[in-house]
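The values are calculated or read from the model by the stated rules, or taken from the named source; none is laboratory data. Not measured: the values here are computed from a predicted model. Note that each Cβ is placed from the backbone with ideal geometry, even for glycine, and that neighbours are counted across all protein chains shown.
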Amino acid sequence: MNDEKALFIWQHCSGFDAVETAFGTFNGRDCIYLDEFHHDEPTGTVTLRGEVNGSLCHPPLTEQWASYSLQFFGVTACEHTDIDAWTWRSNSCFDRATGSAWLASFGDAIATTHTHFLVQTYDDVYDIIAERFEFHPNSRNA
């Protein structure tokens, strides 16, 4: 993603709300490790697989490392940014963007049925506009 587009996406949100998962919320750069990313454009699905640092979940997990699969469905757009070029504006490592101008730019048909999600991993940040997501704890095969 170019710098101008990244600034548009992040500066034109009124806020970010942490997404609650089966592991709680995720905090800190070292929380989400990504082993696999797959964007299946024909089906509109994005899948992320890896591990989370249990001590950086809120509330903390008993396991130091726990595997996950995070799937997004009805994906309209997906942007990738290297974390070192990112502005660090979110509340957690997995957020819903509120008041997203990027989402609104797709028109009412998308803006009313989709959500702008942000996933910050150790190395990368993904902005995803999707209808819904599923989080599968301790699952590499979901």
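Tallying residues that are closer than 16 Å to Val119 by Cβ, in a helix (DSSP H, G or I) and touching a Ser or Thr at 6+ places or on another chain (Cβ under 8 Å) within region 39-74 yields 0.
Residue-level check: of (1) at pLDDT below 90; (2) touching a Pro at 6+ places or on another chain (Cβ under 9 Å), Lys5 misses just (2). For beta carbons closer than 7 Å, sequence separation of 6+ or different chains, a first residue in region 75-94 that is farther than 27 Å from Thr112 by Cβ and a second that is in a loop (DSSP other than H, G, I, E, B) and among the acidic types (Asp, Glu), the qualifying pairs are Ile83/Asp123. Within region 95-108, no residue that is free of Cβ contacts under 8 Å to residues at least 40 places away in the same chain and closer than 16 Å to Val19 by Cα sits with its Cβ atom under 7 Å from a residue that is surrounded by fewer than 19 Cβ atoms within 10 Å (Cβ to Cβ) and among the aromatic types (Phe, Trp, Tyr) at 6+ positions apart or across chains.
The rows are residues; the columns are (1) acidic (Asp, Glu); (2) closer than 19 Å to Phe135 by Cα; (3) within 14 Å of the chain's Cα centre (by Cα); (4) modelled with pLDDT of 95 or more.
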{"site": "Gln11", "(1), (2), (3), (4)": "no, no, no, no"}
{"site": "Asp35", "(1), (2), (3), (4)": "yes, yes, no, yes"}
{"site": "Thr47", "(1), (2), (3), (4)": "no, yes, yes, yes"}
{"site": "Ser67", "(1), (2), (3), (4)": "no, yes, no, yes"}
{"site": "Leu70", "(1), (2), (3), (4)": "no, yes, yes, yes"}
{"site": "Ile83", "(1), (2), (3), (4)": "no, no, yes, no"}
{"site": "Trp88", "(1), (2), (3), (4)": "no, no, yes, no"}
{"site": "Asn91", "(1), (2), (3), (4)": "no, yes, yes, no"}
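On the stretch given as region 95-116, residues that are surrounded by 13 or more Cβ atoms within 10 Å (Cβ to Cβ), in a loop (DSSP other than H, G, I, E, B) and of a type in the set (Gly, Ala, Ser) total 2. Scanning region 37-74 for residues that are without any contact (Cβ under 8 Å) to a residue 40 or more places away in the chain, of a type in the set (A, V, I, L, M, F, W, C) and loosely packed, with under 15 Cβ neighbours inside 10 Å turns up just one, Trp65.
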